[in-house]
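**Q** Have a look at this one.
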Amino acid sequence: MNFSTLQPLGWSNYFLQQMALADTMTEDGPRPFRIMAIYRSRIDAIGEAGEQILVCPEHFQPVREHIAVGDWVLAVKRHEHFYIDKILVAKNRIERYSGHECQLIAANLDYLWIVTSANEDFNLKRLQRYLALAYEFSVEPVLILTKTDLADKAPYLRQVRSLSISEVHAVCAHQAETLAPLSAYCHPGNTIALVGSSGVGKSTLVNAVAGGRQQTREIRDGDGKGKHTTTSRQLFFNEQQVAFIDTPGMRELQLPGAGSGINQAFADIQELALSCKFSDCRHGTEPGCAVQAAILGGSLSEQHFANYQKLLKEDAFLQRRDAGTYAIRQEQRAFAKEISSHKKEKW
Ligand SMILES: Nc1nc2c(ncn2[C@@H]2O[C@H](COP(=O)(O)OP(=O)(O)OP(=O)(O)O)[C@@H](O)[C@H]2O)c(=O)[nH]1
Ligand SMILES: [Mg+2]
Ligand SMILES: [Zn+2]
């Protein structure tokens, strides 16, 4: 098989190394496919010979917990159908918690475009969470402020400046010249996922930048929130062979164990903490606390520090909860085993 045809789809040596090459030389050996969309009863993917529907075997169910849009898989042809045989280890994967389950958002990304709009829906704390998500899963974040035709962008950009992110763009989807700088991220073979609340203009942006045909819908009057127009994650390629993953606006964003990502998103506080007298300083009432000193001195905003603490607390809660869930599952498993061994004894 010819691997060079896969490169524009995001394939690289990293994935090639995971394949047992001998098998791929045979007519019915495994073939690589990239996941484009996951529906209840169907998985759309793209491979050497174009788009293909894949069948997901029982042991990868529920599929949304095992496979992400953007993943590379190996599939084997049997009776005219392609069955997923192996999921190749991704370069990175973005995931989040929703209620009690972990959801895979997207895999094998080069950039995470964090989209926010210049209106009443703008929320700095939410942006900090997205930023922590990017850092936690090692994807380079790019912040995009949309709808700059509707408001003065200056106050929004001022707020964004307090975030630890250098890649910031202000755009209007209807003004091509504002979108031009985004082409710097659009190299053939790259993958870009867009995240952000419903209605901020993710799909509009994908359509304008990449010639996509995503459905878009006007937002609600009053609070500027969207109507959850995009309902599933979808990967598609533009003419320059850049992969875009449009995602539905998230209702809530909890971070799974994003401790290190949070720290990076609040690098200013981390740096101050280095000067605290005690290395385990909690920046409360400890003597010699550089963080409290900075707040008192006015160089660190109290609100910014409060956001940081809130995210840390949430993160600790999630980690405890997951540890708890794991323990319960182990217990249940042990219990099930015991039951079945009793059964055997009885019969
Ligand atoms: N004025 C203006 N309107 C915009 C801009 N970008 C998007 N919109 C409008 O904002 C509304 C919501 O845009 P969508 O692209 O559907 O938003 P989305 O982020 O994809 O929303 P979900 O799919 O629900 O997550 C639409 O009516 C767009 O036309 C912009 O730069 N300027
Ligand atoms: Mg959308
Ligand atoms: Zn301190």
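The values are calculated or read from the model by the stated rules, or taken from the named source; none is laboratory data. Because the structure is a prediction, the values reported are computed rather than measured. Cβ coordinates were reconstructed from backbone atoms using ideal geometry, including for glycine residues, and neighbour counts include every protein chain displayed.
**Q** Six or more apart or on different chains, Cβ under 7 Å: which pairs go from a residue in the range 171-189 that's in contact (Cβ under 8 Å) with a residue 24 or more places away in the chain to one that's within 16 Å of ligand 2 (Cβ to nearest atom) and assigned to a helix (DSSP H, G or I)? Could you list them?
**A** Close Cβ pairs (under 7 Å, with a partner that is within 16 Å of ligand 2 (Cβ to nearest atom) and assigned to a helix (DSSP H, G or I)) amount to 173/204; 173/205; 173/208; 179/208; 179/209; 182/209.
**Q** Of all residues in the range 57-73, count the ones that are at pLDDT below 95 and not in a loop (DSSP other than H, G, I, E, B).
**A** Adding up the residues that qualify gives 7.
**Q** Are any residues in the range 221-248 of a type in the set (S, T, N, Q) and closer than 23 Å to residue 94 by Cα, and if so, which ones?
**A** Of the range 221-248, the ones of a type in the set (S, T, N, Q) are 229-232, 234, 238, 240-241, 247.
229, 230, 231, 232, 234, 238, 241, 247 - these are the residues of the range 221-248 that are of a type in the set (S, T, N, Q) and closer than 23 Å to residue 94 by Cα.
**Q** What's the number of the only condition in (1) modelled with pLDDT under 75; (2) in contact with a helix residue (DSSP H, G or I) (Cβ under 7 Å, 6 or more places away or on another chain) that residue 323 fails to meet?
**A** Residue 323 satisfies every listed condition except (2).
**Q** In the list 74, 88, which residue meets the criterion of being within 29 Å of residue 133 (Cβ to Cβ) and in contact with a Pro (Cβ under 6 Å, 6 or more places away or on another chain)?
**A** Values: 88 fails: in contact with a Pro (Cβ under 6 Å, 6 or more places away or on another chain).
Criteria check complete, one pass: 74.
**Q** Still on this structure, I have one more. Would you say residue 204 is buried (at least 18 other Cβ atoms within 10 Å of the Cβ), out of contact with any Phe, Trp or Tyr (no Cβ under 9 Å at 6 or more places or on another chain) and in the same structural domain as residue 106 (by TED's automatic domain parsing)?
**A** Working: buried (at least 18 other Cβ atoms within 10 Å of the Cβ): yes; out of contact with any Phe, Trp or Tyr (no Cβ under 9 Å at 6 or more places or on another chain): yes; in the same structural domain as residue 106 (by TED's automatic domain parsing): yes.
Yes: the conditions hold for residue 204.
**Q** Still on this structure: Give just the number: which of (1) within 16 Å of ligand 3 (Cβ to nearest atom); (2) under 21 Å from residue 110 (Cβ atoms) does residue 266 not satisfy?
**A** Every condition holds for residue 266 apart from (2).
**Q** Of the residues 75, 106, which single one is buried (at least 20 other Cβ atoms within 10 Å of the Cβ) and assigned by TED's automatic domain parsing to the domain that holds residue 198?
**A** Values: 75 fails: assigned by TED's automatic domain parsing to the domain that holds residue 198.
None of the other options fit; the residue is 106.
**Q** Moving to a separate point now. Just to be sure, is residue 208 closer than 18 Å to residue 107 by Cβ and within 13 Å of ligand 2 (Cβ to nearest atom)? First the steps, then the outcome.
**A** Working: closer than 18 Å to residue 107 by Cβ: no; within 13 Å of ligand 2 (Cβ to nearest atom): yes.
Here the answer is no, as residue 208 does not meet what is asked.
**Q** For the range 129-138, does any single residue satisfy the condition of being surrounded by fewer than 20 Cβ atoms within 10 Å (Cβ to Cβ), in contact (Cβ under 8 Å) with a residue 60 or more places away in the chain and polar (S, T, N, Q)?
**A** Within the range 129-138, not a single residue is surrounded by fewer than 20 Cβ atoms within 10 Å (Cβ to Cβ), in contact (Cβ under 8 Å) with a residue 60 or more places away in the chain and polar (S, T, N, Q).
**Q** When residue 51 is evaluated against the numbered criteria (1) exposed (fewer than 12 other Cβ atoms within 10 Å of the Cβ); (2) touching a residue at least 12 places away in the same chain (Cβ under 8 Å); (3) under 30 Å from residue 129 (Cβ atoms), which criterion, by number, is the only one it fails?
**A** So the condition that residue 51 fails would be (3).
**Q** Sort through 227, 202, 277 and tell me the only one that's within 16 Å of ligand 1 (Cβ to nearest atom) and either more than 30 Å from residue 41 (Cα to Cα) or at pLDDT 90 or above (or both). Walk me through how you get there before you give the answer.
**A** Values: 227 fails: either more than 30 Å from residue 41 (Cα to Cα) or at pLDDT 90 or above (or both); 277 fails: within 16 Å of ligand 1 (Cβ to nearest atom).
Criteria check complete, one pass: 202.
**Q** Which of (1) within 12 Å of ligand 1 (Cβ to nearest atom); (2) touching a residue at least 60 places away in the same chain (Cβ under 8 Å); (3) touching a His at 6+ places or on another chain (Cβ under 8 Å) does residue 145 not meet, given it meets every other one?
**A** All conditions are met except number (2).
**Q** A further question follows. Here's a check for you: in the range 161-184, which residue that is under 23 Å from residue 126 (Cα atoms) and away from ligand 1 (no atom under 16 Å from the Cβ) is modelled with the lowest pLDDT?
**A** So, considering only residues that are under 23 Å from residue 126 (Cα atoms) and away from ligand 1 (no atom under 16 Å from the Cβ), the one modelled with the lowest pLDDT is 164.
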